[in-house]
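Below is one structure, written out as structure tokens; comments come after it.
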């Protein structure tokens, strides 16, 4: 399934350029907003778990070995993962903890505790609460899923250090802003805070999770 660009991108660029002169300068340099909108659900969350705390090349190698366990599939189904012996997942390179996390995710989906079909009717915080009940999925991973897989336009990951450092540099602050400072600053970015965050990442030359290749510049290690 191909990556597309979030449908709100053009409106977000116009709004943010008018709302914040600092962002307007960044937008003029970066150009059109190309924030990714990917259709994956289970695969995206499982991939995030695999990539946690690993360098990009090592994580990709393990990810590819896991996928290779299921010939002819771009990614296994939750049921297939649950039916896979732990030792096979371990041989593919997953730690015991990550194998447990991915199976916990698959079990939540199979048991209906995590139902992606309900997400369109749920608020962002409700989805985050649902996702973080799964072992190995923290708030940051849930926020990235909202931004890049559900296309939510107003997500503000205040715990993301790369974003905070980019804000620090753009606003010429002495130290990275605290979450409350960012929340106050970001009020004028509503209802397109996801796009604002994307622009700050771009200004700091940070590769985005699951972003189109032409918006990538350096490697960024995913975290939970």
Per principal axis, largest first, the Cα atoms of region 93-145 extend in Å by 36, 24, 14
Ranked by GNM mean-square fluctuation in the chain (Cα springs under 10 Å), the top entry among 184, 97, 168 is 184
Rh (Kirkwood, all Cα-Cα pairs) for region 42-148, Å, reads 14.2 Å
Exposure-ranked with fewest Cβ neighbours within 10 Å first, 54, 105, 82, 113 stand as 113, 82, 54, 105
Computed over region 65-111, the distribution of all Cα-Cα distances in 5 Å bins, rounded to whole %, is 5, 24, 34, 27, 10, 1
In nanometres, the difference between 0.36 nm per residue of separation and the alpha-carbon distance of residue 180 and residue 100 is 25.4 nm
When the chain is treated as a Gaussian network with springs between alpha carbons less than 10 Å apart, the largest mean-square fluctuation among 41, 79, 172 is found at 172
Here P(r) for the chain, Cα-Cα distances in 10 Å bins, as whole percents, is 8, 33, 34, 19, 7, 0
Here, residue 25 and residue 173, labelled 7 Å along Cα→Cβ, have an inter-label distance in nm of 1.6 nm
Out of 42, 148, 119, a Gaussian network model of the chain with alpha-carbon springs under 10 Å gives the largest mean-square fluctuation to 119
At R0 = 30 Å the Cβ-Cβ FRET efficiency linking residue 88 and residue 55, nearest 0.05, sits at 0.80
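Read-outs throughout are calculated quantities, based only on the coordinates presented, and are distinct from any laboratory measurement. Given the structure is predicted, the values throughout are model-derived calculations rather than measurements. Quick reminder, even Gly has a Cβ in these numbers, built from the backbone with ideal geometry, and neighbours come from all protein chains shown.
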